Ligand SMILES: Cc1cc2nc3c(=O)[nH]c(=O)nc-3n(C[C@H](O)[C@H](O)[C@H](O)COP(=O)(O)OP(=O)(O)OC[C@H]3O[C@@H](n4cnc5c(N)ncnc54)[C@H](O)[C@@H]3O)c2cc1C
């Protein structure tokens, strides 16, 4: 099989990039390992999706359904579900499904494989490994898809959006969510989720607090928990016991980059380093969505992935040109900026960044040497929110630095 663009992963990133690639003149193959397209959206039955992209508040499955309907209108997209991509070598993608193993040739490849949840082992959680300790995504699948409650007295570790949303969901289904523990001094979730998922349900959020160890042999009986110091070390004198029959871990996501061990990975995101065209260090391999960097909003996933799809398509047709590169770097107060490289090509750079700490009433600036290329006022911002920054790079020199102005 030969295609212009092969896309791995049929979540929102994969579907958006497939639509854009086809609309830009390419023959596209979209490969998804599950039995349906939609990715993570399929298990997110809460609303809050699509506020920017569709100007409507949709549930996850509704959002996925809309994208899939758009995809079906494109004639040049072939979709393979129940199909696993097992390896990528040069411009050849190996797929496995009920027909066996096949090789597919691609002029461009887009990695849209999403992210997986960190587990107890990833965060070196001490104590035994009894039943009742699980990730938030597993708990979400149990409640929303299988119709089962993972426990009655529940503690959630981690206050990212998944943890916050699951706290509300579990209360609505009749569980007692005793507390959400967060090791950092601020939550990493969106403000709207703290208000709507915790405050509205009187669920305590304990900051600078973590699980010291899990108690229980076959089944979890409770946790030992307490405060941490500024270096995240447990303060033993604050240790207390909390009884629970379920501990849900919402402690972050890791981009699924394993298919391409030669990718140059950005330390701060765990995803590939990319240039302005979403191309990675591997020629003709592009990356978009949660595998690139973890998104809070699916709207941003779709907007970014549509650009990745367009550029992958142009590259497949030999229409992508690279002028002198300009490095894009993070400066004071910024944890990372995507992309890492842009070009002098007349288009505005649409960069995405995350803050290191919470800020109020500050300017974010993009500078090249002493020249200020762009400025953005932020009334308030937290590390949990991904921020879009348009930068006029027409007068940029060798490097652009994005930073919080003193
Ligand atoms: C609990 C939760 C709540 C959320 N709430 C909101 C919200 O309220 N509002 C909002 O806007 N966003 C929300 N999001 C964020 C949004 O859902 C994600 O950002 C988005 O789904 C990421 O899209 P993606 O396509 O990159 O990844 P995914 O949705 O993870 O899709 C990746 C796809 O790739 C497939 N895949 C992976 N490897 C292979 C392989 N080797 N071969 C074939 N297929 C493969 C997977 O099966 C999967 O279908 C939430 C996310 C979670 C987890």
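Some notes on this structure:
- Residue check, residue 114 within 29 Å of residue 286 (Cα to Cα), modelled with pLDDT of 95 or more and under 20 Å from the mean Cα position of the chain (by Cα): yes
- Candidates 95, 109 - the one that is more than 9 Å from the ligand (Cβ to nearest atom) and either modelled with pLDDT of 95 or more or buried (at least 16 other Cβ atoms within 10 Å of the Cβ) (or both): 109
- Meets criteria (modelled with pLDDT under 95 and outside any loop (DSSP other than H, G, I, E, B)) for residue 380: yes
- Residues that are assigned to a strand (DSSP E or B) and without any contact (Cβ under 8 Å) to a residue 60 or more places away in the chain were ranked within the range 58-85; the one that is nearest to residue 42 (Cα to Cα) is 59.
- Note on the range 237-269: residues that are away from the ligand (no atom under 16 Å from the Cβ), outside any loop (DSSP other than H, G, I, E, B) and under 27 Å from residue 167 (Cα atoms) total 7.
- Entry remark, the range 1-46: residues being closer than 18 Å to residue 307 by Cβ and within 7 Å of the ligand (Cβ to nearest atom) number 6 in total.
- Unique match (being touching a strand residue (DSSP E or B) at 6+ places or on another chain (Cβ under 7 Å), farther than 21 Å from residue 141 by Cα and more than 10 Å from the ligand (Cβ to nearest atom)) among 71, 80: 71
- Condition check for residue 301: crowded, with 20+ Cβ neighbours inside 10 Å and either in a loop (DSSP other than H, G, I, E, B) or touching a helix residue (DSSP H, G or I) at 6+ places or on another chain (Cβ under 6 Å) (or both): yes
- Test: residue in the range 349-368 that is in contact with a helix residue (DSSP H, G or I) (Cβ under 9 Å, 6 or more places away or on another chain) and either buried (at least 20 other Cβ atoms within 10 Å of the Cβ) or not assigned by TED's automatic domain parsing to the domain that holds residue 29 (or both): yes
The values are calculated or read from the model by the stated rules, or taken from the named source; none is laboratory data. Computed from a predicted structure; not experimentally measured. No Cβ is skipped: glycine too gets one built from the backbone with ideal geometry, and neighbour counts run over all protein chains shown.
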